[in-house]
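First the structure, in the form of structure tokens, and then the observations on it.
The values are calculated or read from the model by the stated rules, or taken from the named source; none is laboratory data. Fair warning: this is a prediction, and the values are worked out from it, not measured in the lab. Every residue, glycine as well, gets a Cβ built from its backbone with ideal geometry; the counts of neighbours run over all protein chains shown. Heads up: the accessible areas ignore ligands, DNA and RNA and are worked out on the full protein's heavy atoms, side chains in. Shrake-Rupley method; radii C 1.70, N 1.55, O 1.52, S 1.80 Å.
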Amino acid sequence: MAIQATVPTQFGEDRNCYIRLSNIEASNHGMPATALFRAFLSQAAFEAGSHYVAEFNVEFMPDVSQPLWPQAYAALVEQEGFAATEV
């Protein structure tokens, strides 16, 4: 699972990037989860092992009875000013 979105990179420019969830830290005790996303210049760049150009931490309240990855992506696209499409 991944999404495509225009995001600010660490190089100070907005680029259309391929964004993947890197990891999630979650607890089943009513605490927020934290998801780390990394943005790459393209899917091919990701697959070639290129370095990411941006990363985002997103905090959300997980429903631990459901898969966490779709919840994390939903939390990312709910961020203000963030428009994305699934790829």
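Each of GLY49, ASN28, VAL87 was scored by the projection of its Cα onto the charge dipole of the chain, and the greatest displacement toward the positive side belongs to GLY49; charges sit on the C-beta of Lys, Arg, Asp and Glu.
Per residue, how much accessible area does the chain have with a 1.4 Å probe, in Å²? Could you put the intermediate results ahead of the total?
Values: 5350 Å² over 87 residues.
Solvent-accessible surface per residue comes out at 61 Å².
For the chain, the longest principal axis of the Cα atoms and the long axis of helix 68-77 meet at an angle of about 60 degrees.
Along its principal axes, the chain has C-alpha extents of 38, 27, 20 angstrom, given from the largest down. Dividing the helix sum by the residues of the chain, where each DSSP H run of 4 or more adds -39500 (n - 2.57), gives a mean residue ellipticity at 222 nm of -4500 deg cm²/dmol. Of the solvent-accessible surface of the chain, computed with a 1.4 Å probe and all protein chains present, 48% belongs to carbon and sulfur.
Can you give the net charge of the other residues whose Cβ lies under 13 Å from the Cβ of ALA45, counting K and R as +1 and D and E as -1? Could you put the intermediate results ahead of the total?
Working: positive: ARG15, ARG20, ARG38; negative: GLU47.
Overall, the nearby charge balance is +2.
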